[in-house]
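Visitor: Have a look at this one before I ask anything.
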Amino acid sequence: MKPHPIKRVVLLVLPIVAALSLTLFFALHSPNASAHTLQPRQPHSGCCAVVYTHIATAANTTANWTELDNKDTNGNPNAFVIVTPNRSSSPTNVVDNHPVGVWYDGMAGKWAIFNQDRAAMPVGAAFNVYAIQAFLPGGQSAAVLLVASASNSKGNWTYIDNSVTNNNPNAFVNVTLNWNPGGVGGVYDAHPLGTWYDAQAKKWAIFNEGSMDPIPTGASFNLLLDTPIISGTILQTATTANTVGDHTTINNAATNNKASAIVFATSNFNPQGKGGTYDNHNIGVFYHNGKWSIFNEDGAAMPVGAAFDVLAV
């Protein structure tokens, strides 16, 4: 559906009438849920991350969102959250084939994963979650917020301006849309997202895959970048040898024979600034035959040459 931005508000200080109005708005357009399986763990290096698999249940899901429940994000509108759908952790093998994002429910004091097209969140849908208490300050940060503006956006992409990624075609970028950073505002971008390296600008950008729809001004994105405090990053490229039907299988020591690994993936249009292959589908991950795979949630064939930035924790 076409995004419907709302006025920028701070949910926690709304007058009662306005708060009730917003509650009705979200009840009509989104869902609520809680973590079914909470397995916090530290990343391979660095500190402060809570990484686990979240499952939407009948008790915790309403309309199009499912609410997270963990110590780092509860009551914290400034938390940083990255998510990737995980079919293997669904008790009923549910696939949520919709563009997802995260938003802060100020009334509940919790972050939530939601379907941006406002489709109902299916019970049993599972997501891998990477959360820290706050964005990390400074140009070398691994966890940063990008807000699209008239000055940093062009057509269907918005540029990342960060010393970690600038002039670095080998950079790792994992992205999740953040509907209302700090619990304020609310901008949709209901498309499968990817990243690409603009060799002329010497910058990475987030773009709407398979669509020339412009990135909306005010759309916000949580970015996890490859810095010394992050390890377990993998570049996965689909080949004829590792791709069957709708999925490409990762063959890496960080993930092989590790069913408990928490895996995140973002489409990378042109690794190292070379080539360029679209995969304009919502993607997820699943575990089978001792290995993790990235798959197109709609069952479409995975194109040879499609590439993905992968984090395995």
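Visitor: Regarding the range 285-302, can at least one residue be identified that is under 29 Å from Asp198 (Cβ atoms), touching a Pro at 6+ places or on another chain (Cβ under 8 Å) and of a type in the set (Gly, Ala, Ser)?
Guide: no
Visitor: Next question, about the same structure. Taking the range 271-313 on its own, how many of its residues are part of a loop (DSSP other than H, G, I, E, B) and under 19 Å from the mean Cα position of the chain (by Cα)?
Guide: Residues that pass the stated criteria total 9.
Visitor: So which residues in the range 297-308 are under 19 Å from Gly101 (Cβ atoms) and surrounded by fewer than 24 Cβ atoms within 10 Å (Cβ to Cβ), if there are any at all?
Guide: Answer for the range 297-308, where residues must be under 19 Å from Gly101 (Cβ atoms) and surrounded by fewer than 24 Cβ atoms within 10 Å (Cβ to Cβ): Glu297, Asp298.
Visitor: Only one residue in Ala148, Ala143 is closer than 29 Å to Ala300 by Cβ and either in contact (Cβ under 8 Å) with a residue 24 or more places away in the chain or crowded, with 22+ Cβ neighbours inside 10 Å (or both), so which one is that?
Guide: It is Ala148.
Visitor: A further question on this structure: Are there strands (runs of 3 or more DSSP E) fully within the range 111-186 with at least 2 residues that are of a type in the set (A, V, I, L, M, F, W, C) and in contact with a helix residue (DSSP H, G or I) (Cβ under 7 Å, 6 or more places away or on another chain)? List them.
Guide: none
Visitor: Separate question: Pull out all pairs, ordered by first then second residue, where Cβ-Cβ is under 6 Å, the residues are six or more apart or on different chains, the first lies in the range 299-310 and is more than 20 Å from Thr233 (Cβ to Cβ), and the second is of a type in the set (A, V, I, L, M) and assigned to a loop (DSSP other than H, G, I, E, B).
Guide: Met302/Ala238; Val304/Ala238
Visitor: Restricting the range 258-270 to residues that are under 13 Å from Phe308 (Cα atoms) and outside any strand (DSSP E or B), which is farthest from the chain's Cα centre (by Cα)?
Guide: So, considering only residues that are under 13 Å from Phe308 (Cα atoms) and outside any strand (DSSP E or B), the one farthest from the chain's Cα centre (by Cα) is Asn270.
Visitor: Out of (1) more than 26 Å from Ile132 (Cβ to Cβ); (2) modelled with pLDDT of 95 or more, what's the single condition that is false for Phe207?
Guide: (1)
Visitor: Please go through the range 275-294 and give me each residue that is in contact (Cβ under 8 Å) with a residue 60 or more places away in the chain and either surrounded by 24 or more Cβ atoms within 10 Å (Cβ to Cβ) or within 17 Å of Phe207 (Cβ to Cβ) (or both), ordered by number.
Guide: Answer for the range 275-294, where residues must be in contact (Cβ under 8 Å) with a residue 60 or more places away in the chain and either surrounded by 24 or more Cβ atoms within 10 Å (Cβ to Cβ) or within 17 Å of Phe207 (Cβ to Cβ) (or both): Gly276, Tyr278, Asp279, Asn280, His281, Asn282, Ile283, Gly284, Val285.
Visitor: Among the residues of the range 192-209, which ones are outside any strand (DSSP E or B), in contact (Cβ under 8 Å) with a residue 12 or more places away in the chain and farther than 20 Å from Gly101 by Cα?
Guide: Matches in the range 192-209: Ala199, Ala201, Lys202.
The values are calculated or read from the model by the stated rules, or taken from the named source; none is laboratory data. All values derive from a computational prediction rather than experimental measurement. Cβ atoms come from the backbone with ideal geometry, glycine included; neighbour counts cover every protein chain shown.
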